[in-house]
Amino acid sequence: MTGRRMTSLLAYATATAAAASLLTGCGMIPGVSGGSREPITVMTWAPDATRATNMPGMPAMAQAYARWVNASGGIDGHELRVLTCNEENSSSGASACARRAVREGVDAVVGSYSQHGRAFMAPLEAAGIPYIGGYGLSEDEFTSHLSYPVNGGQASLIAGHGMQLGESCRRVSLVRPDTITGDKMPMLLNSGLQRTSHRTAADIPAVEDAGEYTEQATEARKKAGREKGCVTAVLGERTQTFFDSFRRLPDSDDSEVRISSVLGSVGQPLVDRTGGSRSPFEGAYVTGWYPDAGDRSWDPMLKVIKEHAFEDNRIDPADAGVQTTWIAYTVLKKVVETIGADDITPLRIAQALDRGEEIDTGGLTPPLRWRYEDMLGAADFPRIVNSEVTFQVVRQGRLVAQKPGFVDVGETVRSAP
């Protein structure tokens, strides 16, 4: 046993003796075998209690997953221990989480959210720790040799959204964060719009954590026009704030402008909070990575949440972050079962994924595999292996499929400047 793993286990045992913790991974879980197989320790991080986007459901889903799998004997006989970290929506927070993962000797970081790829990938790469199923916000998730994305990230969503809007909108205004990540959004959206010979969108950058967006809303509506005009906002949790400002504009009730966004900025939880079928998002176009929340492919996740989330209200099964975490842990489980060893290490996980083990996610994504020939090879996003998205629309307060099945946007992403 390595010194790194021994140190981690001693720290774990000390913490367990001090107090019983609700965090999965602290203490033995009933049903886990006490045999010779070493535990697997992983980390899931996401921002919580910040002024911008928060994703508390992702670590909560990771904890529920561990309770479920440990109740059945663990993953291939290995107890799954989950550590969580508040990424704080900052580069310093992301770096701190990554350094803690190294210090704790985790075997992988799984199902996490951060737009600060440069801050967290360097410490993970130096320690050889794989990053499985990140949310897909940063370029580093699609360039690092130790990153294994399960979706096409923001790039696929924005490019796909352009394709979705190009079929119905005459003019489009894009309101997006005034950040490095946001700077790439207009090019990706325009790549999708141009698939239908559409004119380019009006680009309107905005502060990511503003309290109101009247100025940007006024400009967006003006540039979209009233005849088949569309306004799309991709501001994370502040998307609701933007559309609140948009609705308060003079004559907004008479406007024929259609609103739209991508999953993660607008989703079922937001539609529910803002009135369901009476929500201002009724009729909105939304591009997502996965099937809509009512699809039967989500039934296994729903069962785990019902039986092992202990009424944890942080977990909303319709939330894209929760869904991404579920898929990422599905990948982890299947790759560990494939390895079939008593001791699971970061190197063994990375080697198994690099060999091209195909992961079936039960219809939530196409089969996932990370061989070189499976990767999209787009200039800024070479490690995309799942370039499929779904087109959805809000009808009677529910996000439902606008068209059945997946839409492959790989060529659209690849052709973006």
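Axis of helix 57-71 versus longest Cα principal axis of the chain: the two differ by about 40°, to the nearest ten degrees. Peptides 388-395, 113-120, 190-197, ordered by how many other C-beta atoms sit within 10 Å of their residues on average, highest first, read 113-120, 388-395, 190-197.
Taking 7 Å steps out from each Cα toward its Cβ at Lys228 and Thr214 produces label points 3.3 nm apart. Between helix 299-308 and the chain there is an angle of about 60 degrees, using the helix long axis and the longest principal axis of the Cα atoms. Please determine, in degrees from 0 to 90 and to the nearest 10, the orientation of helix 214-224 with respect to the longest principal axis defined by the Cα atoms of the chain, where the helix direction is its Cα long axis. That works out to roughly 60 degrees. On the basis of the beta-carbon distance and an R0 of 56 Å, Gln351 and Val207 show a calculated FRET efficiency of 0.80.
Rounded to the nearest 500 deg cm²/dmol, what is the calculated helix-only ellipticity per residue at 222 nm for the chain, with -39500 (n - 2.57) per DSSP H run of length n ≥ 4?
Details: 14 runs with 155 residues, N = 417.
After summing the helix terms and dividing by residue count, I get -11500 deg cm²/dmol.
For the cross-link pairs Lys184/Lys223; Lys306/Lys403; Lys334/Lys403; Lys228/Lys403, the ones whose C-alpha atoms lie over 26 Å apart are Lys306/Lys403; Lys334/Lys403. For the chain, relative contact order (Cα pairs under 8 Å, six or more residues apart, normalised by length) works out to 18 percent.
Starting from the Cα-Cα distance between Gln396 and Ser72, subtract it from 0.36 nm times their residue separation and give me the gain in nm to one decimal.
Working: separation 324, 0.36 × 324 = 116.64 nm, distance 3.93 nm.
Full extension from Gln396 to Ser72 adds 112.7 nm.
Applying both filters, DSSP loop and at most 12 other Cβ atoms within 10 Å, to the trypsin sites (Lys or Arg not before Pro) of the stretch 247-291 gives Arg248. On the beta carbon distance between Tyr372 and Asp251, with R0 = 56 Å, the FRET formula returns roughly 0.55. Go ahead and collect, in residue order, the members of the stretch 198-218 whose backbone nitrogen is under 19 Å from a label point 7 Å along the Cα-Cβ direction of Arg51. Correct set: 205-216. Taking each residue as 0.36 nm, the span from Arg170 to Asp183 lengthens on full extension beyond its C-alpha to C-alpha distance by 2.4 nm. Taking every Cα-Cα distance in the chain and sorting them into 10 Å bins starting at zero, the pair-distance distribution P(r) comes out as 5, 23, 33, 23, 11, 4, 1 percent.
A short reminder: the numbers here are calculations on the coordinates, not readings from a lab. All values reported here derive from a predicted model rather than from experimental measurement. A quick note on method: Cβ atoms are made from the backbone with ideal geometry, for glycine too, and the neighbour counts reach across all protein chains shown.
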